[in-house]
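Working notes, beginning with the structure itself.
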Amino acid sequence: MISSVSVANQRIAVIPGDGIGKEVIPNALEVIRASGAPVEFTTFDWGADRYVIDGTTVPPDGFQMLARDFDAIFVGALGDPRVPTNIHAKEILLGMRFKMDLYANVRPVRLLDASLCPLKNVTTGDVNFTVIRENTEGVYTDVGGNFKLGTPEEVATQEDINTRRGVERVIRFAFEYARSNGRKKVLMSDKSNVMTFAGGLWQRVFKEVAKEYPEVQTQHMFVDALCLQMVREPRSLDVIVTNNMFGDIITDLAAALQGGLGMAASGNIHPGRTSMFEPVHGSAPQIAGKNIANPMGSILTGAMMLNHLGLSAEAQKIERAVLSAVLAGKTTVDVGGSLGTRECAMWIAEHVAK
């Protein structure tokens, strides 16, 4: 732990991470402060800087401490060329998701201005959906191995783990999300025509859970067809639920529809428990320290976190200010503006404070 600022009663653990994370996260904190949100930030030095000094990724009681002492966790990008294996990123980020059982990754996809979308003839109302990704199972469980490693006869396996409990709870989360956010449709995406065992489980559970939500329309698409639909007809999408790997892939495609990864926010949620929020761009070491990274994804992630904590008024202030920045062209170069990271965040913070 390297710093603590006592403000109020909502306790937020902050892990700025590596690369541009160390720029955009502090700037996002300034915007949150400007909103007047009753929060208390405690910053931790988990990341590559600490790892190269003493080999620490996460202290022995780190995850238990986060779950016990904090209401939410705000995390920046992780990844640094000084750690070629990225072991610190794996143990911090994936460790948090798996060991804290943050089973639902929530990615809102909202286009703030038509100029940000690479598709022609698309309006802001055409891109407004949410992807909910199963976050603790699938091929990301690191189950598998190598046989005859390094030989011409090498065999590599990577197991896709799907449990009834894990599939059911994320599908139910998607329906509850639709119900509580006024969404009308839930689309489940898989590749059950090829991955028949895992896909079969998802298919059966989706149909069973859907019966409990008769007011919500349901749909199914194979993931390749969904990718086509996201580009051809994004206005048809509302809430998408899918497995870990497919969710990881389609959310990057979705980010392109809203202006790129620099605009994308996400939350890693377990209802009723301490949850974690992170912008989805990488650590981008090639531009770190140059004051050119887009802080808006981090700022919108902060707003998402506040909304999760019940601070919806403060979250809406931030969201409106980000929209104003986009409309006024007070953005970084990647989305058509000319401001630096600090200047963009400062403009938004000042707008929030008004």
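The stretch 266-334 to the stretch 41-66: how many Å between their Cα centroids?
About 23 Å separates the Cα centre of the stretch 266-334 from the one of the stretch 41-66.
Per residue, how much accessible area does the chain show when a 1.4 Å probe rolls over the protein heavy atoms, in square angstrom?
Using a 1.4 Å probe on heavy atoms only, each residue of the chain averages 44 Å².
On average over all directions, what projected area in square nanometres does the chain have, based on the convex hull of its Cα atoms?
Across all orientations, the chain yields a mean hull projection of 18.9 nm².
Going by Cα centres, the stretch 114-137 and the stretch 80-109 are how many Å apart?
If you average the Cα positions of each part, the centres end up 23 Å apart.
Using the Cα centre as the reference, give the magnitude of the dipole from point charges on the C-beta atoms of the stretch 95-226 (Lys, Arg: +1; Asp, Glu: -1; all else neutral), rounded to the nearest 20 debye.
520 debye
Beyond 25 Å between alpha-carbons counts as too far, so tell me which of 185/207; 99/207; 184/211; 184/207; 90/184; 185/211 fall in that bin.
Over 25 Å apart, Cα to Cα: 99/207; 90/184.
What aspartates and glutamates sit close enough to residue 317 to cross-link, taking a C-alpha to C-alpha distance under 20 Å and skipping anything fewer than 8 places away on the same chain?
30, 40, 113, 278, 343, 350
Leaving ligands and nucleic acids out of the surface, order 280, 109 by accessible area at 1.4 Å, largest first.
Solvent-accessible surface, decreasing: 280, 109.
Would you list 227, 344 from the most to the least accessible area, probe 1.4 Å?
Sorted by accessible area, descending: 227, 344.
For the chain, with all protein chains present and a 1.4 Å probe, just round the carbon and sulfur fraction of the accessible area to a whole percent.
53 percent
Just the ratio, please: alpha-carbon radius of gyration of the stretch 35-106 over 2.2 N^0.38 Å, N its number of residues.
Relative to the rule-of-thumb radius for its length, the stretch 35-106 sits at 1.19.
The values are calculated or read from the model by the stated rules, or taken from the named source; none is laboratory data. These numbers were taken from a predicted model, which means no experiment stands behind them. Ideal geometry is used to build each Cβ from the backbone, glycine not excepted, and the neighbour counts take in all protein chains shown. The accessibility values were calculated without ligands, DNA or RNA, using every heavy atom of the protein model including side chains. Shrake-Rupley method; radii C 1.70, N 1.55, O 1.52, S 1.80 Å.
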